[in-house]
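The values are calculated or read from the model by the stated rules, or taken from the named source; none is laboratory data. Worth saying up front: this structure is predicted, and the values here are computed from it rather than measured. Glycine gets a Cβ as well: all are built from the backbone with ideal geometry, and neighbour counts include every protein chain shown. For accessibility, only protein heavy atoms count, side chains too; no ligands or nucleic acids. Shrake-Rupley method; radii C 1.70, N 1.55, O 1.52, S 1.80 Å.
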Amino acid sequence: MHIGLIGLGKMGFSMRERLRRGGIDVTGFDCNPNVTDVSSLDELLASVPAPRLIWVMVPAGEITDAVISELAEKLGLDDLVVDGGNSRFTEDQKHAELLASKGIRFVDMGVSGGIWGLQNGYGLMAGGDVVDVARVLPVVDALRPAGDRADSFVHVGAVGAGHYAKMVHNGIEYGLMQSYAEGYELLASKDIVTDMQGTFRAWRKGTVVRSWLLDLVVKALDEDPELASIDGYVEDSGEGRWTVEEAIASAVPAPAITAALFARFASREDSSPSMRMVSALRNQFGGHATRPAR
C-alpha cells in the first residue's frame, strides 16, 4: 500500500516512520525542506497511485481548510482524504461535502499518542462511511499498538464522529491531568510528606489511579524534582473549550472538565505548583512547549 502524508510535524513525522516500519509505503510532504520527501503537493500526488489515499496531518483551522480546498481541486474520482488532525467536528461535514462534490471520499480520524506514538502506537477514532473506513484499515493497523484492533481503534460513526470522540477524549485528559496536578500540590504542601516522588512511583502498580499519565508524572519529577525550570503558564489547544461548549449545548454537566479548563485560564495570571505539573505533563506526552520559570 502506498499513501501520501501531508504534514510532518511532531506527530506526522513519527507517523510516517511507524507506517514505513509497518510495511506501508509513504510519501510525505511538508513545507520544511529538512523533513519532506517531495518539493510540492503536486509532486506528492503524482507519486501516489490512484485511487489515492491522502492523510492530512496539519494544524486545525485555516491551514486544514486550505489543504482540503487545494486537494479538492487536484484529486480525482474515488481518491480518499483522511483528516488526522484535531479539526473541530463541525468542520468535517463541510470538508466532506466539498470533496464529495468532486467525487472524492473523506474520513475524519481522531489520533491520540502524542510524541510517544512512534514507540507505543496510536489510538485512532474514525468517522465516515463504512466502505471508506475499511479502506483505511491497513494504515490504522500499522499505526495502532499490537493486539486486538478494538482496544485501540473504533469506527465511531458518520463523518464528524471521529473528531467528536477525540474532542471528548481530550476533555477527559484535561480533567485527569488537573487531578494529578492538584494531588501533586497537596503532597508538596505537607511537611510530613518526605518522599513525594516515591509516592507517585508507588501508585504506578496495583492502585486504581495507575495510568500512562501517572507514569509521565513520575518521569517529569525524575527529570526536574521541583519542576523548578517550568512556569505554571498552561495553554489550551482548543478541544477542551469545544468539549465544554458541547456540554453546555447538550445540557450535560461536565464540572471536572470545565474546572480543568478554567484552571488553565487562571494559570496565565499566576504560577502554581499544580499548573507547573500540568505544563510538565503536556510537554511529556505531546511535546508541547513550556515556559521557563520566571
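From the list 130, 140, which residue is β-branched (Val, Ile, Thr), out of contact with any Lys or Arg (no Cβ under 9 Å at 6 or more places or on another chain) and without any contact (Cβ under 8 Å) to a residue 40 or more places away in the chain? 130 is the lone residue from the list that is β-branched (Val, Ile, Thr), out of contact with any Lys or Arg (no Cβ under 9 Å at 6 or more places or on another chain) and without any contact (Cβ under 8 Å) to a residue 40 or more places away in the chain.
Find the residue count for the range 207-233, including only residues that are open to solvent by 60 Å² or more (accessible area, probe 1.4 Å) and either under 24 Å from the mean Cα position of the chain (by Cα) or without any contact (Cβ under 8 Å) to a residue 60 or more places away in the chain (or both). I'd like the intermediate steps shown before the answer.
Going through the range 207-233, the residues open to solvent by 60 Å² or more (accessible area, probe 1.4 Å) turn out to be 208-210, 212, 219, 222-223, 226, 228-229.
Next, only the ones that are either under 24 Å from the mean Cα position of the chain (by Cα) or without any contact (Cβ under 8 Å) to a residue 60 or more places away in the chain (or both) stay: 208-210, 212, 219, 222-223, 226.
So the count comes out to 8.
Could you tell me whether residue 146 is closer than 27 Å to residue 282 by Cα, of a type in the set (A, V, I, L, M, F, W, C), touching a residue at least 24 places away in the same chain (Cβ under 8 Å) and open to solvent by less than 70 Å² (accessible area, probe 1.4 Å)? Answer is no for this residue. One residue alone among 87, 14, 39 is open to solvent by 40 Å² or more (accessible area, probe 1.4 Å), of a type in the set (Gly, Ala, Ser) and at pLDDT 95 or above, and that residue is 39.
Is it the case that some residue within the range 90-100 is assigned to a helix (DSSP H, G or I), in contact with a His (Cβ under 7 Å, 6 or more places away or on another chain) and touching a residue at least 24 places away in the same chain (Cβ under 8 Å)? Outline the logic, then answer.
First, the residues of the range 90-100 that are assigned to a helix (DSSP H, G or I): 90-100.
From the residues that got through so far, the ones that are in contact with a His (Cβ under 7 Å, 6 or more places away or on another chain) too are 92.
Now restrict to residues that are touching a residue at least 24 places away in the same chain (Cβ under 8 Å): 92.
There is at least one residue in the range 90-100 that is assigned to a helix (DSSP H, G or I), in contact with a His (Cβ under 7 Å, 6 or more places away or on another chain) and touching a residue at least 24 places away in the same chain (Cβ under 8 Å).
Name the residues in the range 157-172 that are touching a residue at least 40 places away in the same chain (Cβ under 8 Å) and open to solvent by 30 Å² or more (accessible area, probe 1.4 Å), would you?
Matches in the range 157-172: 159, 164, 168, 169, 172.
Scan the range 217-226 and tell me whether some residue there is assigned to a loop (DSSP other than H, G, I, E, B) and under 20 Å from residue 88 (Cβ atoms). So far as the range 217-226 goes, no, none of its residues is assigned to a loop (DSSP other than H, G, I, E, B) and under 20 Å from residue 88 (Cβ atoms). In this structure, residue 272 does not qualify as polar (S, T, N, Q), modelled with pLDDT of 85 or more, under 13 Å from residue 182 (Cα atoms) and open to solvent by less than 30 Å² (accessible area, probe 1.4 Å).
Filter the range 90-139 down to residues that are among the charged types (D, E, K, R) and touching a helix residue (DSSP H, G or I) at 6+ places or on another chain (Cβ under 9 Å) and give me whichever is most open to solvent (accessible area, probe 1.4 Å).
Going through the range 90-139, the residues among the charged types (D, E, K, R) turn out to be 91-92, 94, 97, 102, 105, 108, 129, 132, 135.
Those left that are additionally touching a helix residue (DSSP H, G or I) at 6+ places or on another chain (Cβ under 9 Å): 91-92, 94, 102, 105, 108.
Numbers: 91: 50, 92: 0, 94: 117, 102: 89, 105: 91, 108: 0 Å².
This residue is 94.
Could you list, in sequence order, all residues of the range 189-206 that are open to solvent by less than 60 Å² (accessible area, probe 1.4 Å) and within 14 Å of residue 277 (Cα to Cα)? Across the range 189-206, the qualifying residues are 196, 200. Inspection of the range 162-174 finds a residue satisfying the criterion of being at pLDDT 95 or above, in a helix (DSSP H, G or I), farther than 24 Å from residue 232 by Cβ and hydroxyl-bearing (Ser, Thr, Tyr).
Can you tell me which residue within the range 1-35, out of those that are more than 19 Å from residue 134 (Cα to Cα) and in a strand (DSSP E or B), is farthest from the chain's Cα centre (by Cα)?
To start, the set of residues in the range 1-35 that are more than 19 Å from residue 134 (Cα to Cα) comprises 6-18, 20-21, 27-35.
Those still in the list that are in a strand (DSSP E or B) too: 6, 27-29.
On the way: 6: 16, 27: 21, 28: 19, 29: 20 Å.
Filtering first and then ranking leaves 27.
May I ask you to say which residue of 46, 66, 60 is under 18 Å from the mean Cα position of the chain (by Cα) and of a type in the set (A, V, I, L, M, F, W, C)?
Details: 46 fails: under 18 Å from the mean Cα position of the chain (by Cα); 66 fails: under 18 Å from the mean Cα position of the chain (by Cα).
Unique residue meeting the criteria: 60.
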